[in-house]
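Remarks on the structure that follows.
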């Protein structure tokens, strides 16, 4: 799940592509029952709802299709997948966040996914949120299909709002209101803050704000870095000002301090992904408020954490297996309500999103709205590595008061552009 930055280095070669296309594999198309086996790997959530969907599919199509699922460690999944590719034992279907798919697509070891979806009766233009489908091509070809999303939202502590004399049911919706509320909520003598801006945690807030100000991280087609703009400077300056100008956030906040203080009632507001819904709701109960991100810039936007599927060109991949994968995807989507009710996830399947049962669930109406305004990282190979080593580490220096925002943005863009230029074409 792309809610934290993962270090990715694929490093596949043309020789790897040839081997994948031409060699045999230990993967077998046929299962023990004689049907087609689909190997499926993921390091993402595998809760009760998820597993019940897999079990239901295998029961329904017993003897014809069988999904063999394997959960892999998040920390070293890239190494595991690359090793499997080199050994011709790659999974047929991989679930991961979006940008890790880019290197494989550029190396031509993924199967275009649109024909698989269409054969299964899936229409991406009507069945997926536009924010999760548009802009997810490599050289004009779609290789990925969305599974679930984690939008960035505003959380606020209603109890602290009441104590500060603020309306607990009216969260801030713009910069002026956000800053004014945060100032009233900040009581340094009590260790209470209106907001906690954490230097190590900007992979959600910065791209959200950048887009709100009309900017982009990069152009995936040209590999040109674009966050070195007035929009990028405004986004980082806003984060910087919360600490050093408005003093509504502590200096040098440590890892996960934004979360720890929020659940303890010492952080009044948080801008973070919906992966925090369960923990925040458990801690605050009815005192938890959830809303769209305030419109700090001139348009609504929020970064989306997400999971996507893609299909590898395994040696045994053929038309029959592609058809089986499409049938599995359609079954999974049709039963994706279980992801929400049992696992607390937001399935990116419009028929589920439009159902009354889904819309009546806690926090889901806000998430539906947030996904409409969602933005994704650009599909550039090794984006996770380059953005971590250049953009976010340099931003950290600014948020620690070591360099001005403009210097940080310019430096990050220059070093990142050099590294991106050296990536595989």
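For this structure, a couple of remarks:
- Among the residues of segment 294-301, some residue qualifies, meaning at least one is touching a strand residue (DSSP E or B) at 6+ places or on another chain (Cβ under 7 Å) and assigned to a strand (DSSP E or B).
This table checks each residue for (1) within 21 Å of the chain's Cα centre (by Cα); (2) touching a residue at least 12 places away in the same chain (Cβ under 8 Å).
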residue	(1), (2)
295	yes, yes
323	no, yes
337	yes, yes
346	yes, yes
356	no, no
364	yes, yes
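- Checking 314, 274 one by one, the residue that is crowded, with 23+ Cβ neighbours inside 10 Å and assigned by TED's automatic domain parsing to the domain that holds residue 98 is 314 and no other.
- Any hit, segment 317-335, residues being assigned by TED's automatic domain parsing to the domain that holds residue 94, buried (at least 19 other Cβ atoms within 10 Å of the Cβ), out of contact with any helix residue (DSSP H, G or I) (no Cβ under 8 Å at 6 or more places or on another chain) and part of a loop (DSSP other than H, G, I, E, B): yes
- Check on residue 115, assigned to a loop (DSSP other than H, G, I, E, B), farther than 24 Å from residue 423 by Cβ and assigned by TED's automatic domain parsing to the domain that holds residue 54: no
- When 112, 171, 146 are screened for being farther than 27 Å from residue 343 by Cβ, touching a strand residue (DSSP E or B) at 6+ places or on another chain (Cβ under 6 Å) and at pLDDT 95 or above, only 112 passes.
- If you go through segment 246-256 and pick out every residue that is surrounded by fewer than 20 Cβ atoms within 10 Å (Cβ to Cβ) and in contact with a strand residue (DSSP E or B) (Cβ under 9 Å, 6 or more places away or on another chain), you end up with 1.
- One residue from 35, 121, 47, 140 being surrounded by 15 or more Cβ atoms within 10 Å (Cβ to Cβ) and more than 17 Å from residue 312 (Cα to Cα): 35
- Index of the failed condition, residue 362 passing every other in (1) modelled with pLDDT of 95 or more; (2) crowded, with 21+ Cβ neighbours inside 10 Å; (3) more than 19 Å from residue 228 (Cα to Cα): (2)
- Exclusive hit being within 21 Å of the chain's Cα centre (by Cα) and in the same structural domain as residue 273 (by TED's automatic domain parsing), set 411, 394, 415, 385: 385
The values are calculated or read from the model by the stated rules, or taken from the named source; none is laboratory data. Note that the coordinates shown come from a computational prediction; the quantities given were computed from them, not determined experimentally. Cβ atoms come from the backbone with ideal geometry, glycine included; neighbour counts cover every protein chain shown.
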